[in-house]
Amino acid sequence: CADIGARKIREEIDAMEVLGVSPVQRLIVPRVLAAMVVAVLLNGLVSVVGTMGGYFFNVIMQGGTPGAYLASFNALAQLPDLWISEIKAVLYGFVAGVIAAYRGLNPKAGPKGVGDAVNQAVVITFLLLFLINVVLTGIYLRIVPSKGL
């Protein structure tokens with residue numbers, strides 16, 4: 001958002017349009033796709049580190065047995081949990097990228113306008129991601145039966 005906003009107030013975006021280069025194709029699309037890929041990769045990393053951290057805490061710190069940890073993990077976790085987390089990650093990356101790009105392309109004049117656009121992008125993104133999470137989790141819990149309990 002800040003980079004695109006700075007380019008906008010320096011009239012680089014207008015110059016690109018004059019040269020016949022689409023700023024959306026050249027700047028926005030690659031950034032949104034990158035945000036989606038990074039969100040998916042980060043979600044995978046967090047899933048692996050969280051599982052390993054739970055194993056370490058349970059087995060090493062608390063003196064539990066590896067078999068008990070794996071049995072309880074297998075009893076509670078299921079593959080659809082991973083799929084919904086990846087779907088959410090893709091949507092989060094898309095929404096965050098699009099909102100940042102939109103606010104970056106439409107700042108008010110001057111550096112203060114760019115700063116305000118960045119702040120607005122953060123707040124709007126947070127609220128929309130919270131809403132998306134609530135909706136998708138509600139749908140997921142209705143469709144996929146809980147395992148274990």
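Does region 4-19 contain at least one residue that is surrounded by 13 or more Cβ atoms within 10 Å (Cβ to Cβ) and among the small types (Gly, Ala, Ser)? Checked against the condition, which is being surrounded by 13 or more Cβ atoms within 10 Å (Cβ to Cβ) and among the small types (Gly, Ala, Ser), region 4-19 yields at least one hit. From the list Ala15, Ala71, Ala89, the lone residue that is touching a residue at least 40 places away in the same chain (Cβ under 8 Å) and among the aliphatic types (A, V, I, L, M) is Ala89. Scanning region 93-108 for residues that are among the β-branched types (Val, Ile, Thr) and either open to solvent by less than 20 Å² (accessible area, probe 1.4 Å) or touching a Ser or Thr at 6+ places or on another chain (Cβ under 8 Å) (or both), we see that the one that is nearest to Leu33 (Cα to Cα) is Val95. Restricting attention to region 67-104, the residues that are of a type outside the set (D, E, K, R) and within 17 Å of the chain's Cα centre (by Cα) add up to 19. Checked against the criterion of being open to solvent by less than 80 Å² (accessible area, probe 1.4 Å), out of contact with any Gly (no Cβ under 7 Å at 6 or more places or on another chain) and in a helix (DSSP H, G or I), the candidates Ala68, Ala39, Ala35 yield just one match: Ala68. Residues in region 109-149 that are at pLDDT 90 or above and among the basic types (Lys, Arg) were compared, and the one that is least open to solvent (accessible area, probe 1.4 Å) is Lys112.
The values are calculated or read from the model by the stated rules, or taken from the named source; none is laboratory data. The structure displayed is predicted, hence computed values, not measured ones. All Cβ positions, glycine included, derive from the backbone under ideal geometry; neighbour counts span all protein chains shown. Heads up: the accessible areas ignore ligands, DNA and RNA and are worked out on the full protein's heavy atoms, side chains in. Shrake-Rupley method; radii C 1.70, N 1.55, O 1.52, S 1.80 Å.
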